[in-house]
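Here's the structure we're looking at; comments come further down.
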Amino acid sequence: MARKPKLDTTLAEAVDVARNALIEIAAETEIGEYLGATPEGERLVTHRFVSQKRGYRGWTWFATIARVPRAKAKDLTVCEAGIVAGEDALLAPAWVPWAERLVKEEIEAAEAEANEPKDEPGPSATATENSGAENTAAEPAGNETQEDLTESTTATDEHEATGEPEATSEQGIKTPARRQVRRRRTAQRTAARRRAAQRNRTRKES
């Protein structure tokens, strides 16, 4: 059986040393009545004080000091200082895992929601607007001449000759690449019509 350490007299009398060590980490008014000294080992003693810190009722300030053999009171060493909870201390409730805090009904509801099928997103508003713009641009205007239509058809044939696949409206909605193809085709058709109209105006003026 281990022998109980003997209380060192020099360390037990160093109450002021312990209190001064606590003043470095807390306000002097927060350190209350002296509770006594407890031997922790050979030439190792812990001094305790009542905590008057707001919100820490039932806690205890402590300061552990030590000394080497034949050392005097002025040569003492402060090993540790802090505050610990007492038997009547106000403590936070024990942590409970999330799964244990849930009631059976909440667990079943969460599992049902996780297993519920997700709705597929429909075509975005931007893709729908782009598709509508393409269809509008593809329809020839009523006052276009035969030469305008021939120019537009030629531009379309040149684009198809590059080997790019024809993209339907539904396919164009699925990927950004197909939307870019549609935009390029619309731009080419518009440019062809403008060139044809410019040539017509030039011929009329001449």
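The values are calculated or read from the model by the stated rules, or taken from the named source; none is laboratory data. The model shown is predicted, which means the values in this text are computed figures rather than measured ones. Cβ atoms come from the backbone with ideal geometry, glycine included; neighbour counts cover every protein chain shown. Accessible surface is based on the protein model in full, side chains and every heavy atom, while ligands, DNA and RNA are left aside. Shrake-Rupley method; radii C 1.70, N 1.55, O 1.52, S 1.80 Å.
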Exercise. Give region 105-127 a look and list any residue that's within 30 Å of residue 176 (Cβ to Cβ) and either modelled with pLDDT under 70 or open to solvent by less than 100 Å² (accessible area, probe 1.4 Å) (or both), or say none.
Key: 118, 119, 120, 121, 122, 123, 124, 125, 126, 127
Exercise. Any chance you could count how many residues in region 82-104 are in a loop (DSSP other than H, G, I, E, B), open to solvent by less than 50 Å² (accessible area, probe 1.4 Å) and closer than 29 Å to residue 66 by Cα?
Key: 2
Quiz prompt | Checking residue 64 against (1) under 15 Å from residue 82 (Cβ atoms); (2) touching a residue at least 40 places away in the same chain (Cβ under 8 Å); (3) among the polar types (S, T, N, Q), the condition it does not meet | solution = (2)
Practice problem: For residues that are hydroxyl-bearing (Ser, Thr, Tyr) and under 17 Å from residue 90 (Cα atoms), scanning just region 38-60, find the one that is surrounded by the most Cβ atoms within 10 Å (Cβ to Cβ). | Solution: 51
Quiz item: Quick one: would you say residue 71 is surrounded by 12 or more Cβ atoms within 10 Å (Cβ to Cβ), in contact with a helix residue (DSSP H, G or I) (Cβ under 9 Å, 6 or more places away or on another chain) and not basic (Lys, Arg)?
Solution: yes
Quiz prompt | Failed item in (1) within 42 Å of the chain's Cα centre (by Cα); (2) modelled with pLDDT under 95, with residue 22 passing the rest | solution = (2)
Quiz item: Within the set of pairs 6+ apart or on separate chains, which have a first residue in region 2-17 that is among the small types (Gly, Ala, Ser), a second that is in a helix (DSSP H, G or I), and C-beta atoms under 9 Å apart?
Solution: 14/73
